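J.: Sharing a structure, written as structure tokens. Questions coming.
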Amino acid sequence: MTMMTLVQHLAEGEIKTRGVQQWMLDNVIPLVLLAVALLLLWLGGGKGDNAGVMRRLAGVVIALAIVGLAVSGLGVNVGEWIAGLFTG
């Protein structure tokens, strides 16, 4: 009986993941970025390979730009702008 009630409540409403999505944006992404930054400092800083660190940092900045576009929802606008460059 309890399981049927739960199924009926789920069927009536829409299942939303906004709480999980917001938690990931607030917690997981900054932790991953911190881990990447520490890894870059550890790998390149100890060896004196500053050029290697900067190459990796450029990749991280590009990845951050892609994540920023995906999170903000402006990817469609950027795509339309790029298409406008070729279609006039």
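Any read-out appearing in this document is the output of simple, stated calculations on the displayed coordinates, not a laboratory observation. As the structure is a prediction and not an experimental result, all values here were calculated from the model. Counting neighbours? That spans all protein chains shown, and the Cβs are built from the backbone with ideal geometry, glycine included.
J.: Starting from 0 in steps of 5 Å, tell me what percent of the Cα-Cα pairs of segment 39-78 lands in each bin.
T.: Calculated P(r), rounded to whole percents: 6, 23, 21, 14, 12, 10, 9, 4, 1.
J.: Note down the nm distance, to one decimal, between modelled labels 7 Å out along Cα→Cβ at LEU85 and at VAL32.
T.: Rounded to a tenth, the inter-label distance reads 2.6 nm.
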